[in-house]
1. Could you please find all residues in segment 22-32 being surrounded by 13 or more Cβ atoms within 10 Å (Cβ to Cβ) and free of Cβ contacts under 8 Å to residues at least 12 places away in the same chain?
2. Please verify whether segment 38-60 includes one or more residues that are assigned to a helix (DSSP H, G or I), over 29 Å from V15 (Cβ atoms) and at pLDDT 90 or above.
3. State all residues of segment 33-62 that are open to solvent by 70 Å² or more (accessible area, probe 1.4 Å) and acidic (D, E); if no residue qualifies, say none.
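The values are calculated or read from the model by the stated rules, or taken from the named source; none is laboratory data. Because the structure is a prediction, the values reported are computed rather than measured. Because the Cβ atoms are built from the backbone with ideal geometry, glycine has one as well, and the counts that use them run over all protein chains shown. What goes into the accessible areas is simple: the full protein's heavy atoms, side chains included, and nothing from ligands, DNA or RNA. Shrake-Rupley method; radii C 1.70, N 1.55, O 1.52, S 1.80 Å.
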Amino acid sequence: MIGEPIKAKKSLGLVAPEWMQTLAMFLLSGWVMDALHKLMYFGGNYQDVINHQLALYALAIIALYFAFTKFNHEVK
């Protein structure tokens, strides 16, 4: 109804519909935005976003590993 406050089920629930929230959790940007919303808008702390950070660090290490093994160029 018009004039009622928006109640968020998830931290992305302010704007996005449920199916879009689910889709966003398959993308890195969705994890980052979810963590930022928890910290900035919902008064979260470090413990609330530690899983987001660990997943992003793990994916960064995996990406670096593949980058160094796939593109193994030597400087001449």
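1. T22
2. Of all residues in segment 38-60, those assigned to a helix (DSSP H, G or I) come to 38-40, 46-48, 50-60.
Then keep just the ones that are over 29 Å from V15 (Cβ atoms); that gives none.
Scanning segment 38-60, I find no residue that is assigned to a helix (DSSP H, G or I), over 29 Å from V15 (Cβ atoms) and at pLDDT 90 or above, so the answer is no.
3. D48
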